[in-house]
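To start, the structure itself, in structure tokens.
The values are calculated or read from the model by the stated rules, or taken from the named source; none is laboratory data. Everything quoted here is computed from the prediction, not taken from an experiment. Because the Cβ atoms are built from the backbone with ideal geometry, glycine has one as well, and the counts that use them run over all protein chains shown. Side chains included, ligands, DNA and RNA excluded: accessible areas come from the protein's heavy atoms. Shrake-Rupley method; radii C 1.70, N 1.55, O 1.52, S 1.80 Å.
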Amino acid sequence: MKSIFKISAVSASVIFLMIACSTDDSSTSSTTSVDDDEIVTELHAAYSAFNSEATTIYIDGSQVVIETTGLPNHETVYWGEGHELYREEPDVALTPSIMSSNNNAVTISVDATPNLTGNTVATQLNTIGIAVSGASIFNDQEGAGDLDQAAASLDWTGAHIGPGVYHYHLEPKAFTDDDDNLVGVLLDGVFLYGRKCSATGDYPTDLDASGGHTTSTQYTDGEEEYHYHIINELYSNTGSYVAFAGPYQGY
Ligand SMILES: [Zn+2]
Ligand SMILES: [Zn+2]
């Protein structure tokens, strides 16, 4: 009898400790979420570079909402013959055209102020960001495998239909070709630029594993800000550069 009593006394104190810990945890996380909900009143200047025909971009509390038709403002074979932006690309192993795809529209919400806490999150299949053209950015994976399997279907600007939305896997030459142009914004709210950085006019040499670093850009008015670059390393047999392979740094 004595030993049973001891055991229950121990469990009771363990339970008490757990309650005490979880109380602490919840008060910590509510403090954090106050910071997260910081109200932002002005859109980042980089959003002015987005295709206004395709995108509607607005602030909602601490988030920036990007609604896009997903229809890019540049030429590709994927428009299909007869479209004014159709481009003949006989070497591309075609997947369905943009116009035969049911729906290219995507809406994403991103943090107006990315959480740069040092935690990283892997990218997933599907849209990982929206490009300035209005179309989606994907990572270096295709279906269950790597991009090599799909390389033949990529158009001149590193994009195709998967099926689903038209999306870029590689450096989108239609709007960034070995330069410092804005490519788009990723789901963690961090902007992605071309292979060069406007801070130096050259390829950055201080990038982290995600292709990110902190310098001024052409949209920050001299302020330093964390952003990603397309990493200047040719990807496999594609003859081009992966747009973004992750991980995210801003979640
Ligand atoms: Zn794809
Ligand atoms: Zn840079």
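Numbers at a glance
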| read-out | value |
| --- | --- |
| Per-pair calculated FRET efficiency, R0 = 41 Å: ASP146 and SER109 via Cβ, rounded to 0.05 | 0.90 |
| Rounded if a/c under 1.5, otherwise prolate or oblate - region 48-152, Cα gyration tensor axes | oblate |
| Debye-sum result for region 141-197 in log10 I(q)/I(0), which assumes one identical scatterer on each alpha carbon, at q = 0.13, 0.23, 0.29 Å⁻¹ | -0.37, -0.99, -1.15 |
| Cα Rg, Dmax, region 52-98, angstrom units | 15.0, 47 |
| For PHE175, solvent-accessible area (1.4 Å; no DNA, RNA or ligand), Å² | 30 |
| Ranked packing of 146-157, 82-93, 51-62, most packed first, by mean Cβ within 10 Å | 146-157, 51-62, 82-93 |
| Global form of region 132-251, assessed from the alpha-carbon gyration tensor, a/c cut-off 1.5 | prolate |
| Exposure rank, largest accessible area first [THR68, THR214, THR41; 1.4 Å] | THR41, THR214, THR68 |
| Modelled label reach - GLU38, point 7 Å along Cα→Cβ, region 226-251 residues with backbone N closer than 12 Å | none |
